[in-house]
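> After the structure tokens below, expect a handful of questions from me.
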Amino acid sequence: MPSDKPISWVRGEMYETLCLLVIGACCWLIGITLGAFERISGFILANTLTDFLMLATCMGLALLGASTRKSFVLRRIMLERDAAAKQAEAIARHDALTGLANRRLFLEAVEQHQKSTGCEPLAAVLLIDLDRFKPVNDLYGHAAGNAVLCAVAERLQAHLPRQGTAARLGGDEFAMLIQLEAGSEGLVRLVEQVIASIAAPVLWNDNELKVGATVGVTFVTAEHADADAVLHAADLAMYQGKKEGRGTFRVFKSTMDAELRARAQMEAELRVAIEAGEIEPFYQPVVALPSKELIGVEVLARWRHPTRGLLSPSHFIAVAEEIGMIADLSYSLIRRACLDAREWPAHLTLAVNVAPQQFQDAWLSERILSILTETGFPPERLEVEITESALIQDLDATRRTLTSLQNLGVRIALDDFGTGYSSLYHLRELKFDKLKIDRTYVDSVTMSDERAKLVDAIIKLGSSLGLVTTAEGIETEASSNWMSDQGCEFGQGYLFGKPMPKAAMNDLLDPRSAQGAVDATTSEAA
Ligand code: C2E
Ligand code: CA
Ligand code: CA
């Protein structure tokens with residue numbers, strides 16, 4: 001649709017001009033009536049002006065006056081518009097809450113450094129991500145969160161060297177661009193100071209709000225295609241720091257990118273594998289000491305990876321925990337193991353590992369009960385192994401879960417004893433049925449007197465609390481004999497059999513099989 005704006009503008013202008021001409025004519029009329037022109041012309045122009053010339057002059061003066069006024073108004077509007085544009089620009093380049101540069105301005109600053117100086121002097125980008133900011137926000141509300149963000153911004157400004165830029169990139173993510181005139185010396189100190197200053201509490205409404213910071217550092221070099229690439233590198237380094245324990249910093253290395261990609265691929269593959277039930281239960285024999293008679297098995301997860309072969313839990317259990325799929329993996333394994341073990345002699349127990357995270361689930365015992373019911377596996381044959389790290393989270397919740405599992409008839413073993421807190425308090429507070437002595441102790445008992453004394457004390461402690469003990473990782477006859485002599489009831493380790501798939505376990509249990517004991521060298525590879 002054609003706009004009618006120009007037409008109305010022309011009309012408006014014509015109307016205004018007409019009005020001004022009329023005003024000029026009116027002035028002329030008034031001038032004639034009062035005889036003013038005779039006096040003026042007599043005085044200034046020596047009677048040379050005619051009345052018509054005076055009319056034109058009046059009209060011209062009216063037009064000139066109006067256009068002068070108009071140009072003043074226009075100029076004022078332009079100045080106002082310029083100021084508004086500048087303000088809009090400033091808003092668009094700064095973070096409204098903290099007043100720091102925003103992502104856009106920060107990227108421009110990095111880009112400018114890359115272009116104008118050919119990356120000289122050396123500059124570094126710090127990507128600062130707050131730790132534990134979410135709990136502050138959730139617990140005290142957004143006003144408290146904002147107070148923390150503003151305090152962090154102030155602290156960053158305080159540490160910002162000359163010609164540096166501090167920015168809030170969004171959320172709880174900040175960045176600094178720092179020119180290192182004297183080389184990279186002093187950078188580590190600066191980063192440590194930044195981390196320490198952020199860790200200092202923020203006072204808000206009589207509350208001490210505490211957050212931390214993990215920092216990723218990268219140097220701005222010609223290798224980075226653009227400012228985004230610089231920030232990406234700092235981000236990878238920061239992510240590495242988060243993974244390795246927060247409240248710290250990491251400097252970017254070119255291998256990080258590849259690692260991160262590999263990790264993302266691994267996560268995606270693991271998700272698919274867990275959903276498709278591709279994680280398989282392997283079984284490791286547990287024997288009575290000293291008879292070496294098989295009394296049960298421990299279920300250990302294995303992943304038959306399509307390209308990487310058989311993977312042990314160290315490759316994927318922690319990843320499954322991080323992506324929140326450990327419970328799915330665990331229940332699927334327990335279900336398969338219960339189905340497998342149903343076919344085995346009824347006296348054999350099945351020990352399953354349950355991750356600390358799973359003990360936070362109030363429905364854990366119900367879920368296990370439902371698997372037992374579904375598979376028809378007797379609860380008395382099941383043993384749940386937990387590590388001490390599960391106990392430090394919420395002791396009351398853990399106690400409730402343990403009690404309800406034990407009420408079903410399931411037994412509970414404290415796994416890896418000696419590696420964690422090994423607290424007597426836990427042993428007294430919670431009722432376990434079994435202690436499993438970690439293999440790091442077991443394999444050294446015959447070599448170190450000190451170790452031997454410690455393990456002896458653990459076995460005695462267990463029996464004084466009415467617990468039976470299993471020694472893990474028995475690899476030699478010597479340690480098996482030693483354990484048995486100290487009164488350790490059960491043993492597990494390569495001496496008695498490596499973890500093996502269901503088929504190998506079936507062979508082992510087959511009375512027609514002459515094998516009797518498992519060939520430790522072949523079982524894992526089956
Ligand atoms: P764990 O529960 O302490 O299991 C015993 C580990 O010691 C197993 O390693 C087993 O293969 C290894 N082992 C047994 N005997 C010997 C021995 O004589 N010598 C040596 N050097 N090693 C021996 P694996 O299968 O790699 O499992 C490692 C850990 O992964 C397990 O330690 C357990 O904590 C965890 N894990 C395994 N399966 C699961 C699972 O389904 N869920 C959870 N949450 N954790 C699991
Ligand atoms: Ca275990
Ligand atoms: Ca263990």
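The values are calculated or read from the model by the stated rules, or taken from the named source; none is laboratory data. What you see is a predicted model; the values in this text were computed from it and never measured. Reconstructed Cβ throughout: ideal geometry from the backbone, glycine too, with neighbour counts over all protein chains shown.
> What are the residues in the stretch 394-449 that are within 11 Å of ligand 3 (Cβ to nearest atom) and exposed (fewer than 15 other Cβ atoms within 10 Å of the Cβ), if any?
THR440
> Does the stretch 195-204 contain at least one residue that is at pLDDT 95 or above, closer than 25 Å to GLN240 by Cα and buried (at least 17 other Cβ atoms within 10 Å of the Cβ)?
yes
Here is a yes/no grid of residues against (1) closer than 23 Å to GLN406 by Cα; (2) within 16 Å of ligand 2 (Cβ to nearest atom); (3) crowded, with 16+ Cβ neighbours inside 10 Å:
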{"site": "ALA268", "(1), (2), (3)": "no, no, no"}
{"site": "PHE282", "(1), (2), (3)": "no, yes, yes"}
{"site": "HIS305", "(1), (2), (3)": "no, no, yes"}
{"site": "SER365", "(1), (2), (3)": "yes, no, yes"}
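> If the requirement is being in contact with a Pro (Cβ under 6 Å, 6 or more places away or on another chain) and in contact (Cβ under 8 Å) with a residue 12 or more places away in the chain, which of these qualifies: GLN179, GLN193? First the steps, then the outcome.
Working: GLN193 fails: in contact with a Pro (Cβ under 6 Å, 6 or more places away or on another chain).
Result of the check over GLN179, GLN193: GLN179.
> If we scan the stretch 364-386, do we find a residue that is among the charged types (D, E, K, R) and at pLDDT below 95? So that I can check it myself, show each step before the final result.
So in the stretch 364-386, the residues among the charged types (D, E, K, R) come out as 366-367, 374, 380-381, 383, 385.
Narrowing further to those that are at pLDDT below 95: none.
There is no residue in the stretch 364-386 that is among the charged types (D, E, K, R) and at pLDDT below 95.
> Which one of these is more than 16 Å from ligand 2 (Cβ to nearest atom) and at pLDDT 95 or above: LEU329, LEU339? Walk me through how you get there before you give the answer.
Values: LEU329 fails: more than 16 Å from ligand 2 (Cβ to nearest atom).
Exactly one of LEU329, LEU339 is more than 16 Å from ligand 2 (Cβ to nearest atom) and at pLDDT 95 or above, namely LEU339.
> Of the residues SER332, SER370, SER291, SER314, which single one is under 26 Å from the mean Cα position of the chain (by Cα), hydroxyl-bearing (Ser, Thr, Tyr) and assigned by TED's automatic domain parsing to the domain that holds THR401? Please lay out each step first, then the result.
Working: SER332 fails: under 26 Å from the mean Cα position of the chain (by Cα); SER370 fails: under 26 Å from the mean Cα position of the chain (by Cα); SER291 fails: under 26 Å from the mean Cα position of the chain (by Cα).
That would be SER314, the only listed residue that is under 26 Å from the mean Cα position of the chain (by Cα), hydroxyl-bearing (Ser, Thr, Tyr) and assigned by TED's automatic domain parsing to the domain that holds THR401.
> Quick one: in the stretch 118-142, which of the residues that are assigned to a helix (DSSP H, G or I) and free of Cβ contacts under 8 Å to residues at least 40 places away in the same chain is surrounded by the fewest Cβ atoms within 10 Å (Cβ to Cβ)? Quick ask: steps written out before the conclusion?
Of the residues in the stretch 118-142, the ones assigned to a helix (DSSP H, G or I) are 133-140, 142.
Remaining after also requiring free of Cβ contacts under 8 Å to residues at least 40 places away in the same chain: 134-135, 137-139, 142.
Details: LYS134: 13, PRO135: 12, ASN137: 19, ASP138: 11, LEU139: 11, HIS142: 9.
The selected residue is HIS142.
> Mind checking which residues of the stretch 284-299 are buried (at least 22 other Cβ atoms within 10 Å of the Cβ) and either hydroxyl-bearing (Ser, Thr, Tyr) or within 16 Å of ligand 2 (Cβ to nearest atom) (or both)?
Matches in the stretch 284-299: GLN284, PRO285, VAL286, VAL287, GLY296, VAL297, GLU298, VAL299.
> I've got another one for you. Of the residues GLU223, GLU181, GLU185, GLU208, which single one is in contact with a strand residue (DSSP E or B) (Cβ under 9 Å, 6 or more places away or on another chain) and among the acidic types (Asp, Glu)? Reasoning before the result, please.
On the way: GLU223 fails: in contact with a strand residue (DSSP E or B) (Cβ under 9 Å, 6 or more places away or on another chain); GLU181 fails: in contact with a strand residue (DSSP E or B) (Cβ under 9 Å, 6 or more places away or on another chain); GLU185 fails: in contact with a strand residue (DSSP E or B) (Cβ under 9 Å, 6 or more places away or on another chain).
Unique residue meeting the criteria: GLU208.
> Of (1) within 15 Å of LYS502 (Cβ to Cβ); (2) within 12 Å of ligand 1 (Cβ to nearest atom); (3) out of contact with any Gly (no Cβ under 6 Å at 6 or more places or on another chain), GLN358 satisfies all except one. Which?
Among (1) within 15 Å of LYS502 (Cβ to Cβ); (2) within 12 Å of ligand 1 (Cβ to nearest atom); (3) out of contact with any Gly (no Cβ under 6 Å at 6 or more places or on another chain), GLN358 violates only (1).
> Hey, another quick one. Within the stretch 366-385, identify whether any single residue is more than 21 Å from VAL287 (Cβ to Cβ) and within 16 Å of ligand 3 (Cβ to nearest atom), and answer yes or no.
no
> Follow-up question, since we're still on this one. Quickly run through the stretch 350-374 and pick out the residues that are touching a residue at least 60 places away in the same chain (Cβ under 8 Å) and among the hydrophobic types (A, V, I, L, M, F, W, C). It would help to see each step written out before you state the result.
Initial filter on the stretch 350-374 (touching a residue at least 60 places away in the same chain (Cβ under 8 Å)): 351, 353.
Residue satisfying the conditions is ALA351 alone.
> So ARG381 ticks every box in (1) of a type in the set (D, E, K, R); (2) within 16 Å of ligand 1 (Cβ to nearest atom); (3) in contact (Cβ under 8 Å) with a residue 40 or more places away in the chain but one. Which box is left unticked?
Of the numbered conditions (1) of a type in the set (D, E, K, R); (2) within 16 Å of ligand 1 (Cβ to nearest atom); (3) in contact (Cβ under 8 Å) with a residue 40 or more places away in the chain, the odd one out for ARG381 is (2).
> If we scan the stretch 83-103, do we find a residue that is surrounded by 10 or more Cβ atoms within 10 Å (Cβ to Cβ), at pLDDT 85 or above and of a type in the set (Lys, Arg)? Please lay out each step first, then the result.
Initially, the stretch 83-103 is screened for residues surrounded by 10 or more Cβ atoms within 10 Å (Cβ to Cβ), giving 83-95, 97-103.
Checking which are at pLDDT 85 or above leaves us with 93-95, 97-103.
If we keep only those that are of a type in the set (Lys, Arg) too, we end up with 93, 103.
Yes, there is a match, as at least one residue in the stretch 83-103 is surrounded by 10 or more Cβ atoms within 10 Å (Cβ to Cβ), at pLDDT 85 or above and of a type in the set (Lys, Arg).
> Give, as residue ranges, the strands (runs of 3 or more DSSP E) completely inside the stretch 186-278 that count at least 3 residues that are more than 18 Å from LEU160 (Cα to Cα). Steps first, answer last, please.
On the way: elements: 202-204, 207-209, 212-219, 249-251.
Filter on the stretch 186-278 gives 202-204, 207-209.
A quick yes/no check of all residues on (1) in contact with a Ser or Thr (Cβ under 9 Å, 6 or more places away or on another chain); (2) touching a residue at least 40 places away in the same chain (Cβ under 8 Å); (3) among the hydroxyl-bearing types (Ser, Thr, Tyr):
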site	(1), (2), (3)
MET59	no, no, no
ALA62	no, yes, no
SER71	no, no, yes
ALA83	no, no, no
ALA90	no, no, no
ASP95	no, yes, no
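> Report every pair of residues separated by at least 6 positions or lying on different chains whose Cβ atoms are under 6 Å apart, first residue within the stretch 289-303 and in contact (Cβ under 8 Å) with a residue 12 or more places away in the chain and closer than 20 Å to ALA341 by Cα, second part of a loop (DSSP other than H, G, I, E, B) and within 15 Å of ligand 1 (Cβ to nearest atom).
Every condition considered, the pairs that remain are LEU300/PRO499; TRP303/PHE316.
> Here are some conditions: (1) assigned to a helix (DSSP H, G or I); (2) not assigned by TED's automatic domain parsing to the domain that holds GLY171. THR98 meets all but one. Which one does it not meet?
Tallying (1) assigned to a helix (DSSP H, G or I); (2) not assigned by TED's automatic domain parsing to the domain that holds GLY171, THR98 fails exactly one: (1).
> Scan ASP415, ASP443, ASP449 and give me the residue that is under 27 Å from GLU477 (Cα atoms) and either more than 15 Å from ligand 1 (Cβ to nearest atom) or hydroxyl-bearing (Ser, Thr, Tyr) (or both). Break it down into steps so the answer makes sense when it comes.
On the way: ASP415 fails: either more than 15 Å from ligand 1 (Cβ to nearest atom) or hydroxyl-bearing (Ser, Thr, Tyr) (or both); ASP443 fails: either more than 15 Å from ligand 1 (Cβ to nearest atom) or hydroxyl-bearing (Ser, Thr, Tyr) (or both).
When all the criteria are applied, what remains is ASP449.
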